[in-house]
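Here's the structure, in C-alpha cells; my notes come after.
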Amino acid sequence: MAATNQLQSNDGLKRRRKRSRISSSVFDIEAQDLIQEWEILSGEINSFETDHQKYLAKLDEIEKLKKQHRLAFTKIQGKITNLNQSIDIHQSLIIIPDNNQLNQTTTTTIDKSDLLRIRRDSEKKNETPEERILRLNIIREHLIKQRSDYLKSIKYTLPQPPEIYLRIILGSELPVSILDKSEQWKYKESYEEFKLRVTLIIMVISLLMSTIIPANRALDALFHFLLVWYYCTLTIRESILVVNGSNIQFWWRLHHFISTICTCIILIWPSTNSYKIFRQQHYVFSLYISCVQVLLYYYQRGLLYRLRALGDSDELQISIEGFQSWMLRGLSFLAPFLFIGYLFQLYNAYIIYNLSLDPKSEPNPDWQFMLKILAGIFFILFLGNFITMYMVIRRKIHERIADIQWLQHRYESVKTLLNRIRLSKSFHK
C-alpha cells in the first residue's frame, strides 16, 4: 500500500514538473514578445521625441516670424498714413517721378525726405502747378491706393489683436486669429449651425409655453436665461469672426448687444401683474421672430452660396436677422415678414410703456422706471431695424434707377446709330 502511494506521488510530481516546464516556456515566449514590443515602442518614442523637438523649434520660429511680419506690416501702414498726411500738407508742392521712375519705386514707400527731393527735382524741371497736381493724383492712385488695397487683402493672413470686448471677456489679449482659411470657414459654419439650432429650440419652447405649458415663473426664467446665453454667445462669436475678417455690419452686432440687455431685464422681471400681462405677448413675439429667422437662414444660405460661387460675396459673410443689399439679388418676399416683426417690436415698446404708467399693473416705482427702460430698448430695436431696412431698399432702388437710365442711354445710342446707317444708305442710293 505504501509502495503504491509512493508511486502515485512520484507520477504526480513528474506531471507537475512537466506542466511547469511547459508554462515556463510559454511565459518565456510571451515575455520575449513583450520585451521586443517595448523595444520597438521605445524606439518610436525616441524618434517622436526628436521630431517633437524639431516641431517646437519650428513653432518658435513661426511665432517669431508672425511677430516680425506683423510689426513690418504695421510699420508700412504707418508710413502710408504719414505719406497721405504729407501729401495733404504739401499738396501744392509735391510731384512724383516720371513713369519710368514710377515703375522703379512702386515697391517702396515714399517718406517726407523723398517728397522734398522730388520737390527739388520739380523746381529744376520748371513744372507748372497743373502738372504737379496731375502727378499728385497719379501718386495717390498708384503708390497709395493700390498698395493700400493690397495691404487690406493680406491683413487677415496675419495675427490680429482682439477687440476691447474680447479682451474684457477673455481677461487678456488671447490670440483669436484663425490664419487657416479652411479653419475660418469651419468656424463660420459652426456659428451658422449654432444660430440655427438654438433658434429652433427657442421656437419650439415658445410654441409650447404659449399654448400647452401653464404659466410657471421658474420655467419662464429658464427660457429667458437661454435667451441671455444665446445673445451673449453670439456677441463673442461675432467678435471673433470680425477679428478674422468677417464684414458684419455694425448695427447687427449692436443689435445683439442691445438684445442681451433686453433679455436680462426680462429675466429679472418680478412676477407682478405687469409681467403676467406681457408674458403671453412675449412668447408669441419670440415664436414669430424665431420662425422668420429660420426662413431667413435657409433663404440667405442658398443666396450666399450662389454669390460666393460668382465671386460677389466674402467667404466669411454670415446670415443676419435683417435685410441687406445683397438680398435683393434674389427674391425679396421676406421683407414684409421682417417689417411685421419690426412693428411687433414697436408694439412691445408701446405695451410695456403703458404698463409702466399703470400703478395697478406695476406698483413698484423702481420697476416702473425699469419698464420705461425696457420700452426704450424695444423702440431702439425697432428704429434701428427699420432705418437699416429703409436705407438698404432706398440704395438698391437708386441703383436700379441708375441701371435703367444707363440702359435707356445705351438704347438711344444704338437707335441713333441705326438712324445714321439708314440715312447713309439712302444717301448712297
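Derivation of every value follows stated rules applied to the coordinates shown; laboratory data play no part. Remember, it's a predicted structure, so these values are computed and weren't measured experimentally. Cβ coordinates were reconstructed from backbone atoms using ideal geometry, including for glycine residues, and neighbour counts include every protein chain displayed.
Of L254, L83, how do they rank once you tally other Cβ atoms within 10 Å and put the fewest first?
On the way: L254 14, L83 22.
Ascending Cβ contact count within 10 Å gives the list L254, L83.
Which ordering of Y350, Y342 is given by a fewest-first count of other beta-carbon atoms within 10 Å?
Y350, Y342
Using 0.36 nm per residue, how much length does the chain from L226 to R70 gain when fully extended, once their Cα-Cα distance is taken away?
Length gained, L226 through R70: 52.2 nm.
Simple spin-label model, 7 Å along Cα-to-Cβ: L158 to L208 in nm?
5.1 nm
When you count, for each residue, the other Cβ atoms within 10 Å and take the mean per peptide, how do 383-390, 179-186 rank with the highest first?
Working: 383-390: 16.4, 179-186: 12.6.
Packing proxy ranking, top to bottom: 383-390, 179-186.
Can you work out the FRET efficiency for the pair Q281 and A57, with r the C-beta to C-beta distance and R0 = 45 Å, to the nearest 0.05?
So the FRET efficiency works out to roughly 0.10.
Past 31 Å, Cα to Cα, is the threshold; run K58/K186; K79/K186; K58/K152; K186/K276 against it and keep the listed order.
Where the Cα-Cα span goes over 31 Å, the pairs concerned are K79/K186; K186/K276.
Once R0 is set to 51 Å, what does the formula 1/(1 + (r/R0)^6) return for the Cβ-Cβ distance between I380 and T50, expressed as a FRET efficiency to the nearest 0.05?
That pair, I380 with T50, gives E of 0.25.
Once both labels are modelled 7 Å past Cα along the beta-carbon direction, what's the I261-D33 spacing in nm?
7.1 nm
What ranking of R167, R253 emerges when the number of other C-beta atoms within 10 Å of each C-beta is taken as an exposure proxy, fewest first? Mind showing how you got there, number by number?
Details: R167 13, R253 18.
Least to most surrounded, the residues fall as R167, R253.
When a/c is below 1.5 the answer is rounded, else prolate if a/b is larger than b/c, else oblate, so apply that to segment 172-219 with a ≥ b ≥ c taken from the square roots of the Cα gyration tensor eigenvalues.
Because a/c hits 1.5 or more and a/b fails to exceed b/c, segment 172-219 counts as oblate.
Taking the Cβ-Cβ separation of S271 and Y350 as r and a Förster radius of 30 Å, what is the calculated FRET efficiency to the nearest 0.05?
Once rounded, the FRET efficiency stands at 0.85.
What does the highest-first list of 276-283, 207-214 look like by mean Cβ count within 10 Å?
Per-residue Cβ counts within 10 Å, averaged per peptide and sorted highest first, yield 276-283, 207-214.
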